[in-house]
Amino acid sequence: MKQCTHADALPHPAPEPRSETCLECLAAGTDPVQLRLCLECGHVGCCDSSPLRHATAHYKESGHPVMRTFEPGENWRWCFVDHVLV
């Protein structure tokens, strides 16, 4: 089973969210479907079900590998590099 090789390098404590929603969606006039939080820097972006996929775009621009859901009641994490739940 494939495992994430990046989770151990994440900052502790986790960064505070930079915003409460996807600021890129607000600027573009679109609505985020669900939110994701970058565990490297605290960027909040929308998921891949949203029209503009800002969480994935943030990973591609920054190289920050692990994000977590920013939805109430959820606590899973995803590694973009290893393509696995952390």
Fill in: Residues of the stretch 40-51 classified as open to solvent by 50 Å² or more (accessible area, probe 1.4 Å) and within 11 Å of the chain's Cα centre (by Cα), total
2
Item to complete: Taking the options L26, L37, name whichever one is open to solvent by less than 30 Å² (accessible area, probe 1.4 Å) and not β-branched (V, I, T).
Response: L37
Worksheet item: How many residues, within the stretch 52-68, are open to solvent by 20 Å² or more (accessible area, probe 1.4 Å) and either free of Cβ contacts under 8 Å to residues at least 24 places away in the same chain or aliphatic (A, V, I, L, M) (or both)?
Response: 8
Worksheet entry | Residue match in the stretch 5-14 (condition: part of a helix (DSSP H, G or I) and surrounded by fewer than 15 Cβ atoms within 10 Å (Cβ to Cβ)) | yes
Practice prompt. Mind counting the residues in the stretch 28-45 that are free of Cβ contacts under 8 Å to residues at least 24 places away in the same chain and either among the basic types (K, R) or in a strand (DSSP E or B) (or both)?
Written response: 1
Item to complete: Go through E24, E61, E71 for me and flag whichever is in contact with a His (Cβ under 7 Å, 6 or more places away or on another chain) and not in a strand (DSSP E or B).
Response: E24
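The values are calculated or read from the model by the stated rules, or taken from the named source; none is laboratory data. All of these numbers come straight from a predicted model, not from anything done at the bench. Virtual Cβ from ideal backbone geometry, glycine too; neighbours counted across all protein chains shown. The area values use the complete protein model at the heavy-atom level, side chains included, leaving out ligands, DNA and RNA. Shrake-Rupley method; radii C 1.70, N 1.55, O 1.52, S 1.80 Å.
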